[in-house]
Amino acid sequence: MKSLHYFLVTPANGLRYTTERKGLIISSSKEDHLASTREAIVLETPYDYDGPIQKGDIVIVHHNVFKYYYDMRGKEKSSWNHFRDDLFMVDDVYAYKRKEGRWRGVGRYVFVAPVKNGRENTIITSDLEKPLIGEIRYINQELEDKGLQVGDLITFEPESEYPFHIDGEKIYRMYTKNITIKL
């Protein structure tokens, strides 16, 4: 079965929610977007798709894809992405990787790791990360064409950080246009 315009995916861990991180329970609510699963396995690509993502790749998707929500009457429902059983339709993929490969940004999306401030052992601090500075973790083609590489330190626009936890690391998804300077 192929869709004309959507990737057909299933949650990578078989669950719609990931409620534990490093052995700690991070949420017990189905309404918490931070606990919704964001990794999916591609079962089929769109009929007219000719990009780099292939069947079997692992992809990063929006936090609402696998979420439940409650309608006006309090009845639990799935997002519009739900097709049937554990099959979901996705039109926007942020990053992908092959089974043994590295993550790679898709289209306009790039992933940047925050830079630690060097004060992790200080009890009284509200700034564990350097503001607006990051290291490119998962690059896209547009940034490579501009001469940037994985590991480059960059600055980015305020309010452009969209946090994810991928492979045990806090990381920000942002757009190519949000990156302002290579340090």
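For residue 177, the lysines whose Cα comes closer than 18 Å to its Cα, not counting residues fewer than 8 places off in the same chain, are 146. Highest average first, the peptides 3-15, 139-151 ordered by how many other beta carbon atoms sit within 10 Å of their residues are 3-15, 139-151. The protection proxy used here, the mean number of other Cβ atoms lying within 10 Å of each residue, ranks peptides 74-84, 43-53 as follows, highest first: 43-53, 74-84.
About its Cα centre, the chain has a charge dipole of approximately 260 debye under the convention of +1 per Lys or Arg Cβ and -1 per Asp or Glu Cβ, with nothing else charged. Once the Cβ-Cβ distance between residue 54 and residue 170 is put in as r, and R0 is 25 Å, what FRET efficiency do you end up with, to the nearest 0.05? The pair residue 54/residue 170 has a calculated efficiency of 0.35.
When the alpha carbon gyration tensor of segment 48-96 is reduced to an equivalent ellipsoid, its three semi-axes come out at 26, 11, 9 angstrom, largest first. Taking only the alpha-carbon positions of the chain and ignoring solvent, what does the Debye formula give for the base-10 log of I(q)/I(0) at q = 0.14, 0.16, 0.20 Å⁻¹? Rounded to two decimals, the profile gives -0.86, -1.07, -1.39. Using a 1.4 angstrom probe, figure out how much accessible area the chain has per residue, in square angstrom, rounded to the nearest whole. I get 60 Å² per residue for this part. Give the lysines whose C-alpha is closer than 17 Å to that of residue 97, dropping any in the same chain fewer than 8 places away, or say none. Result set, ordered by chain and number: 55. For the chain, the residue among 89, 103, 68 whose Cα projects farthest onto the positive side of the dipole built from Cβ charges is 68. For residue 99, the aspartates and glutamates whose Cα comes closer than 18 Å to its Cα, not counting residues fewer than 8 places off in the same chain, are 39, 44, 57, 167.
Can you give the FRET efficiency for residue 152 and residue 92, using 1/(1 + (r/R0)^6), R0 = 25 Å, r = Cβ-Cβ distance, to the nearest 0.05? Walk me through the numbers before you get to the answer.
Working: r = 25 Å, r/R0 = 1.01.
So, using R0 = 25 Å, E works out to roughly 0.50.
On the chain, 51 percent of the accessible area sits on carbon and sulfur atoms, based on a 1.4 Å probe.
The values are calculated or read from the model by the stated rules, or taken from the named source; none is laboratory data. Since the structure is predicted, the reported quantities are computational estimates derived from the model, not experimental observations. Here the Cβ is made from the backbone with ideal geometry for all residues, glycine too, and neighbour counts use every protein chain on show. Areas reflect the complete protein model, heavy atoms only, side chains present, ligands, DNA and RNA absent. Shrake-Rupley method; radii C 1.70, N 1.55, O 1.52, S 1.80 Å.
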